[in-house]
1. Restricting to segment 87-139, count the residues that are within 16 Å of the ligand (Cβ to nearest atom) and either in a helix (DSSP H, G or I) or free of Cβ contacts under 8 Å to residues at least 60 places away in the same chain (or both).
2. Considering only residues of segment 21-39 that are surrounded by fewer than 24 Cβ atoms within 10 Å (Cβ to Cβ) and within 17 Å of Ala49 (Cβ to Cβ), which is nearest to the ligand (Cβ to nearest atom)?
3. Go through segment 198-229 residue by residue and tally those that are under 15 Å from Gly28 (Cβ atoms) and not in a helix (DSSP H, G or I).
4. Every residue in segment 173-231 that is over 19 Å from the mean Cα position of the chain (by Cα) and among the aromatic types (Phe, Trp, Tyr), please.
5. Looking at segment 5-18, which of the residues that are farther than 24 Å from Ile185 by Cα and under 18 Å from the mean Cα position of the chain (by Cα) is surrounded by the most Cβ atoms within 10 Å (Cβ to Cβ)?
6. Within segment 15-73, work out how many residues are in contact with a Gly (Cβ under 6 Å, 6 or more places away or on another chain), in a helix (DSSP H, G or I) and either aliphatic (A, V, I, L, M) or free of Cβ contacts under 8 Å to residues at least 40 places away in the same chain (or both).
7. I'd like the full set of residues that are away from the ligand (no atom under 12 Å from the Cβ), of a type in the set (D, E, K, R) and either without any contact (Cβ under 8 Å) to a residue 24 or more places away in the chain or surrounded by 23 or more Cβ atoms within 10 Å (Cβ to Cβ) (or both), limited to segment 147-185.
8. Would you confirm, using the coordinates I've provided, whether Ala154 is touching a Lys or Arg at 6+ places or on another chain (Cβ under 7 Å) and in a helix (DSSP H, G or I)?
Amino acid sequence: MISFEGRVLLMSGAAGGIGLATARVFAGAGASLALGDLDERRLAEMTAALNLPADRLLLARHDVTDPESSRDLVRQAQEKFGGIDIVVPNAGFYPTDPFESMSVTSWSRTLAVNLDGVFHLCQAALPALRPDAALVLVASMAAHYGSPAHAHYAAAKGGVLSLAKSLAKELAPGVRVNAVSPGLIDTPMVQPLMQARGPELLNATPLRRLGAPEEVANCIAFLASPLSSYVTGATLHVNGGLYIA
Ligand code: NAI
């Protein structure tokens, strides 16, 4: 049983499928939560969804593409909780865009959310980290496997994996840095892909189903917890066997 009693989680993209599931797992294990998302409406719904005492929950509009927005979220978390123990830069954006017609704007926006956003939040959080901190970056099977019509997204997630490995070396021994690489997880993000290629992809998945957001959340919790105290620079694949590294 993992306990995050007295620990503070800072997470972006918290109002999405994996974000909400992760918030629930950490809240259930006793953590206090500093949560940001661009979608203020869904963020506001999290108060009821999480049902936490006000002194354990901070919700803030946050745009990962803006470094000042990340600094502001960290400032608020530090003021409210006194520091940060776990950082999960989880915000993501998965547009479908064939490479031949991909615009520079689309390429830049996708990199800005999925890669630059991770840089901004992790760098902003560094001064607020307390001893035995853990960063858990959210990559994607696309980083290992490629993803047709999502070359920008796959390239960004490949960058996230390299960033995790570099930070694992640079921030040791005080901070552990690991990544999860989800495969097909049942959230709004994956719906267009499932509509286009669902049966083919499920047939190629040894466990023959989509993953649940909670199954990614549990892996994030493991990598953030003392149960993985000798693990850093690792990538945990959460994909039902669709890609076996
Ligand atoms: P989701 O679409 O449900 O959640 C993504 C969240 O990121 C949304 O709440 C959205 O408002 C937020 N967001 C988007 N742009 C933002 C910005 N500029 N600033 C702040 N927040 C922003 O997607 P899901 O599935 O929960 O994705 C979570 C993470 O998991 C992402 O990094 C995604 O790339 C990754 N992932 C998901 C997979 C899946 O099958 N669902 C597979 C592989 C990776």
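The numbers here are math on the coordinates, done by the rules we state, and not lab data. Quantities reported herein were computed from a predicted structural model and do not represent experimental measurements. Note: ideal-geometry Cβ built from the backbone for every residue, glycine included; neighbour counts use all protein chains shown.
1. So the answer is 25.
2. Asp39
3. 1
4. Tyr230
5. Val8
6. Of the residues in that region, 1 qualify.
7. Matches in segment 147-185: Glu170, Arg176.
8. no
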